[in-house]
Amino acid sequence: MTKVDLSRRALLGICAAGVAAPALAASKTKGRRDFPGAFLWGSATAAHQVEGNNVASDMWLLEHVKPTLFAEPSGDACDSLHRWAQDLDLVKALGLNAYRFGIEWARIEPEPGQFSTAMLDHYGRMIDGCLQRGLAPIVTFSHFSVPRWFAGQGHFQSPDGADLFARFCDRAMRHLGDRIAYAVTLNEPNVSALLRFVALPPAFMGGVKAMLAAAAKASGRPAFASALFSEQDVTSAMVAAHIKAYQAIKALRPALPVGVGLAVEDDQLVGEDNSYRAAKRRAVYEPWFDVTRTHADFIGVQNYTRRRYDTRGLVPPPAGAPMASDGREIYPASLGNSVRYAHQGTGKPVLITESGIAASDDALRQAYIPQSLRGLKVVMDEGVPVLGYTHWSLLDNFEWISGYGPQFGLVSVDRKSFVRQAKPSARILGAIAQSGMLSWDNDL
Ligand code: IFM
């Protein structure tokens, strides 16, 4: 791993917020590590959420139609399309050794069959930039957004949806594949199934219908579909797309570890009856656990919270529980519990492709990171193989329909100047990554 200067002066430089660096209890802990030396420590982003002006994508259209569910359009986002090198510098300076990011299908194939060499070269420069900085590039091939033409022709559910995605993966692999460290085919392909088991506002599905109808009209297509918003069960279509993508990637580089990034909540029972939780597990996770056993080298776990279920359904968080600004309960033990569950279901090593909280008060994140990692260590000590952890997110970025409201970042971004400023939580994660030690024990 790249050696990073963790001196107070260097940290103050990285953290323009100017907060003093808490000292590591190095002398007390010499020679001991809580996490293996080869562990991947990273942060994660998604192309549409940070790059800006992703105009050929389905999301751009959905953000601009009337009516829309989006609180605001993504616009310039964090301008990472141009500022990606600064982002990589930050990841490195924080002391991390991995960066998860997406390659944007809508930029690479803006019209069916028309592939942009210039955009492939762009992502090639990002991958090389990671390698030059000692960061393992963990590349997501599709993170919710797809080309607008793909959404208008039936999305992954169309008869050739999986083949079209596999063709894109093949082209991207031919250009970039020799330098990728880990490949994630799809980001949270189970999210629309999962949303059925959480309490959505009653008007949500009506809003989805109206927005998709407006997008279909604007595209001159009979229908418009989306990965984030689906009324139908899209699981089998998404599973087929993952399998074909996995095969396309493996055909070109059999040794490259390939997985899928699943949304996994820590589903807990209140009382004895587990029928509701069992139904959720059958619909949301089990089809993905099945395909992971045969068509993946690792399972990507993306965890943000726990949910409690009784016989009638979702039970609200306990009174007084700490809450993230997106309404999810902050429950640090959910990370370890989800990792254990995903490993039990698949038998595969786990890569934490996302974990984090929406919080404008960074003190919550400063506490959440070490506490969730403590739970993760317990699970690793039980024998669950964990390849690494990538925190969501590197940057305060575009949170889909919620716009720029929820702040998940280790680093804030000025919405006008795009100036990045690392938060104290970034230093905490960096120090844990550098030392392999959990010497932070804040309370929520
Ligand atoms: O921002 C999203 C990301 O795109 C997918 N996983 C959950 C994150 C936070 O809600």
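Since every read-out is calculated from the coordinates, none of them should be taken as a lab result. Here the structure is a predicted model, which is why all the values come from computation and not from measurement. Please note: Cβ atoms are built from the backbone with ideal geometry, for glycine as well, and neighbour counts cover all protein chains shown.
For each of 353, 346, count neighbouring Cβ atoms within 10 Å of the residue's Cβ, then give the residues from fewest to most.
Details: 353 29, 346 21.
In increasing order of surrounding Cβ atoms, one gets 346, 353.
Which residue fluctuates the most in the chain, going by a Gaussian network model with Cα springs under 10 Å, if the choices are 107, 427, 415?
Of 107, 427, 415, the most mobile in the Gaussian network model is 415.
Restricting to DSSP H runs of at least four residues, report the calculated mean residue ellipticity at 222 nm for the chain, -39500 (n - 2.57) per run over all residues, nearest 500 deg cm²/dmol.
Working: 16 runs with 174 residues, N = 444.
So the helix-based figure for the chain works out to -12000 deg cm²/dmol.
First check a/c for segment 83-154, with a ≥ b ≥ c the square roots of the eigenvalues of its C-alpha gyration tensor; if it is under 1.5, answer rounded, and if not, answer prolate when a/b is larger than b/c or oblate otherwise. Let's see the in-between values first.
Numbers: a/c = 3.31, a/b = 2.20, b/c = 1.50.
Cα axes put segment 83-154 in the prolate bin.
Note down the magnitude of the dipole of the chain about its Cα centre, charges +1 on Lys and Arg C-beta and -1 on Asp and Glu C-beta and zero elsewhere, to the nearest 20 debye.
On the way: 46 positive and 43 negative charges, 160 e Å.
Once rounded to the nearest 20, the dipole reads 760 debye.
Please report 111, 329, 286 as a ranked list, fewest other C-beta atoms within 10 angstrom at the top and most at the bottom.
Numbers: 111 11, 329 19, 286 15.
Fewest-to-most ranking of 111, 329, 286: 111, 286, 329.
Within a Cβ distance under 15 Å of residue 198, other residues only, what is the Lys/Arg minus Asp/Glu net charge? If you can, show how the numbers build up before the last one.
On the way: positive: 196, 277, 280, 281, 306, 307, 308, 312, 328; negative: 188, 265, 266, 267, 310, 326, 329.
Combined, the nearby Lys, Arg, Asp and Glu give +2.
Provide the net charge surrounding residue 432, with neighbours chosen by a C-beta distance below 11 Å and charges set as Lys +1, Arg +1, Asp -1, Glu -1. If you can, show how the numbers build up before the last one.
Numbers: positive: 33, 374, 377, 427; negative: 34.
After counting each charged neighbour, the total is +3.
So which residue, out of 283, 77, 319, gets the largest mean-square fluctuation from a GNM of the chain using Cα contacts under 10 Å as springs?
It is 319.
In µm²/s, what is D for the chain at 20 °C and 1.002 mPa s, where D = kT/(6 pi eta Rh) by Stokes-Einstein and Rh is the Kirkwood radius from Cα pairs? List each step's numbers first, then the result.
On the way: Rh = 22.0 Å.
Stokes-Einstein gives a translational diffusion coefficient of 97 µm²/s.
Just add up the charged neighbours of residue 172: K/R +1, D/E -1, any other residue whose Cβ is under 13 Å from the Cβ of residue 172. Can you show the working numbers first?
Numbers: positive: 107, 167, 171, 174, 179, 253; negative: 104, 109, 121, 170, 178.
Computed value for this residue: +1.
When you take every Cα atom in segment 182-283, what is the radius of gyration, and what is Dmax, the widest Cα pair distance, in Å?
For segment 182-283, the Cα radius of gyration and maximum Cα-Cα distance read 17.1, 51 Å.
Starting from the Kirkwood radius over alpha-carbon pairs of segment 334-391, derive D by Stokes-Einstein at 4 °C in a medium of 1.567 mPa s and give it in µm² s⁻¹.
110 µm²/s
I need the phi-derived Karplus couplings for segment 263-278: 6.51 cos²θ - 1.76 cosθ + 1.60, θ = phi - 60°, integer Hz, Gly and Pro marked x.
With the stated coefficients, segment 263-278 comes to 6, 10, 9, 8, 8, 10, 9, 10, x, 8, 6, 10, 5, 5, 5, 5 Hz.
What order do you get for 188, 382 when you list them from fewest to most C-beta neighbours inside 10 Å? Working shown, then result.
Numbers: 188 22, 382 10.
In order of increasing Cβ crowding within 10 Å: 382, 188.
Hey, rough spin-label estimate for residue 311 and residue 326, points 7 angstrom out along Cα→Cβ, what's it come to in nanometres?
Once both label points are built, they end up 3.3 nm from each other.
Using the Karplus curve 6.51 cos²θ - 1.76 cosθ + 1.60 with θ = phi - 60°, what ³J(HN,Hα) values do you get for each residue of segment 108-114, in whole Hz, with x for Gly and Pro?
Computed from phi, the couplings for segment 108-114 are 7, 10, x, 10, x, x, 9 Hz.
Mind checking which of 337, 311, 323 is farthest towards the positive end of segment 294-352's charge dipole, using Cβ charges of +1 (Lys, Arg) and -1 (Asp, Glu) about the Cα centre?
Positive-most Cα among the choices belongs to 311.
Volume per residue, Å³, of the convex hull around the alpha-carbon atoms of segment 198-240? Each step should come with its number before you reach the end.
On the way: hull volume 3.6 nm³, N = 43.
It is 83 Å³ per residue.
By its C-alpha gyration tensor, with a ≥ b ≥ c as the square roots of the eigenvalues, how is segment 160-238 shaped: rounded for a/c under 1.5, else prolate for a/b larger than b/c, else oblate? Write out the running numbers ahead of the final one.
Values: a/c = 2.90, a/b = 1.64, b/c = 1.77.
It is oblate, given that a/c is not under 1.5 and a/b is not larger than b/c.
Amide H to amide H under 5 Å from residue 423: which residues, 5+ apart in sequence or cross-chain, H placed 1.01 Å off N in plane?
Those qualifying (amide H under 5 Å, at least 5 residues apart or on another chain) are 411, 412.
Could you give the distance between the Cα centres of segment 145-201 and segment 245-294, to the whole Å?
For segment 145-201 versus segment 245-294, the Cα centre distance is 15 Å.
Taking H as built 1.01 Å from N, whose amide H comes closer than 5 Å to the amide H of residue 270, not counting residues under 5 places away?
309, 310
Any idea how many Lys pairs in the chain come in under 16 angstrom at the alpha carbon, given 8 or more places apart or on separate chains?
Numbers: 3/92; 66/209; 66/217; 92/423; 209/217.
The result is 5.
Quote the charge dipole size of segment 298-367 about the Cα centre in Debye, to the nearest 20; the model charges only the Cβ of Lys and Arg (+1) and of Asp and Glu (-1).
Details: 8 positive and 6 negative charges, 67 e Å.
Here segment 298-367 has a charge dipole of around 320 debye.
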